[in-house]
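The next block holds one structure in the form of structure tokens; read it before the comments.
The values are calculated or read from the model by the stated rules, or taken from the named source; none is laboratory data. Since the model is a prediction, treat every value here as computed from it, not as a measurement. Quick reminder, even Gly has a Cβ in these numbers, built from the backbone with ideal geometry, and neighbours come from all protein chains shown.
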Amino acid sequence: MVHATAPDGHGVSTAMTKVLYVAGWGRSGTTILDNLLGQVEGFVSTGELHYVWERGLRQGRDCGCGQPLRECETWTSTFASAFGGIEAIDPSAVVRLQDSARTRHALRALRAVRADRVTRTIPYARYLHRLYDGIGATTGARVIVDSSKYPTDGILAAGLEGYEVFVVHMVRDPRAVAFSWQRFKPTRDKKTDGGVLKRVGLVRSTMVWQVYNAVIARTVKAAVGDEHYQVLHYEQLASDPATVVDDLIRFVKEAPAAKPVFAGNEVELKVTHTASGNPGRFRTGTTAIRLDDEWRNSMPRWQRTIVTMLAFPMSVRLQYGG
């Protein structure tokens with residue numbers, strides 16, 4: 001509950017929809033976090049919403065429910081509410097607008113937020129605003145979980161009228177991240193590149209890990225403020241998911257009537273309507289949340305040394321110095 005200003009200038013108490021924005025570099029556990037939060041009453045899991053235009057609309061890839069996103073009732077209703085229907089949108093045009101809201105534009109986006117001019121100066125923000133509106137209208141959710149990860153998308157969200165934005169900065173050991181990016185990971189809804197997720201080399205993965213985490217820790221945090229920003233380590237989520245979910249519910253100032261019930265590290269996952277994400281977003285039923293630390297035994301020492309050197313000093317700031 002926040003205080004907004006009415007047209008006549010008087011303060012009124014107005015309930016705002018909340019956005020829980022999950023920021024970070026890929027392969028950091030954001031998909032499972034998004035899925036878990038989507039099980040909480042009053043929360044809606046949207047996955048990597050940034051890619052709904054390219055992957056969901058242009059490429060015709062699947063929603064987390066298993067249907068092509070263009071045919072999913074939740075998404076068709078969302079786009080009908082937000083834009084008058086999917087056919088009323090030119091997704092290629094929106095993707096082009098996203099090029100003006102990349103990570104290198106983070107400071108420009110922050111200035112727009114501080115000047116209260118986000119939707120006037122950055123056209124892509126207008127589409128994001130209407131998309132959030134459509135999701136809220138269709139699902140009735142109090143909290144929209146958006147795990148797009150991109151720093152600038154999180155900054156833009158912070159400047160949208162009518163939304164209270166909280167940022168979870170998801171981090172993972174850079175060696176684990178680099179190892180994961182080299183794996184061959186098949187995904188059911190990708191028709192190109194042999195049906196596997198994109199792979200990224202050690203050096204690029206680690207340099208982007210460094211840049212993303214630095215921008216999120218400074219610029220994204222500045223956009224939302226200290227009380228709306230929280231760092232979450234993947235290792236913490238994997239070892240105690242129930243506590244993490246409870247902590248995040250409190251973080252966004254919610255007290256839901258229902259939340260996922262864990263038996264140890266196992267949980268029953270229901271279908272979510274995620275726009276994009278790693279293959280784990282399609283998982284339902286009894287699911288074990290376990291720490292993936294294969295890199296410790298399978299990653300060559302020379303690779304670990306390179307990543308450790310390249311990740312400094314951000315690795316120390318994020319408590320991955322060992």
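Give me a count of the residues in the stretch 138-165 that are outside any strand (DSSP E or B), of a type in the set (Gly, Ala, Ser) and at negative phi.
Qualifying residue count, the stretch 138-165: 5.
A quick yes/no check of all residues on (1) under 24 Å from Val143 (Cβ atoms); (2) in a helix (DSSP H, G or I):
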| site | (1), (2) |
| --- | --- |
| Val52 | yes, yes |
| Leu57 | no, yes |
| Cys65 | yes, no |
| Thr74 | yes, yes |
| Phe79 | yes, yes |
| Val95 | no, yes |
| Asp99 | no, yes |
| Arg111 | no, yes |
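Each row is one residue, and each column tells you yes or no for (1) surrounded by 23 or more Cβ atoms within 10 Å (Cβ to Cβ); (2) at pLDDT 90 or above; (3) within 24 Å of Glu54 (Cβ to Cβ).
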| position | (1), (2), (3) |
| --- | --- |
| Pro174 | yes, yes, no |
| Arg183 | no, no, yes |
| Gly194 | no, no, yes |
| Arg199 | no, no, yes |
| Val203 | no, yes, no |
| Val208 | no, yes, yes |
| Tyr212 | yes, yes, yes |
| Ala217 | no, yes, no |
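Out of everything in the stretch 120-136 that is without any contact (Cβ under 8 Å) to a residue 40 or more places away in the chain and charged (D, E, K, R), what residue ends up being surrounded by the fewest Cβ atoms within 10 Å (Cβ to Cβ)?
Filtering the stretch 120-136 for residues that are without any contact (Cβ under 8 Å) to a residue 40 or more places away in the chain and charged (D, E, K, R), the one surrounded by the fewest Cβ atoms within 10 Å (Cβ to Cβ) comes out as Arg120.
Looking at the stretch 242-282, which of its residues are under 30 Å from Arg70 (Cα atoms), at pLDDT 95 or above and assigned to a loop (DSSP other than H, G, I, E, B)?
Lys270, Val271, Thr272, His273, Thr274, Ala275, Ser276
When you scan the stretch 296-310, how many residues do you find that are surrounded by 17 or more Cβ atoms within 10 Å (Cβ to Cβ) and either without any contact (Cβ under 8 Å) to a residue 40 or more places away in the chain or farther than 15 Å from Trp181 by Cα (or both)?
Counting residues in the stretch 296-310 that are surrounded by 17 or more Cβ atoms within 10 Å (Cβ to Cβ) and either without any contact (Cβ under 8 Å) to a residue 40 or more places away in the chain or farther than 15 Å from Trp181 by Cα (or both) gives 2.
Looking only at the stretch 254-288, filter to residues that are among the aliphatic types (A, V, I, L, M) and within 26 Å of Lys18 (Cα to Cα); which one of those is surrounded by the most Cβ atoms within 10 Å (Cβ to Cβ)?
Ala275
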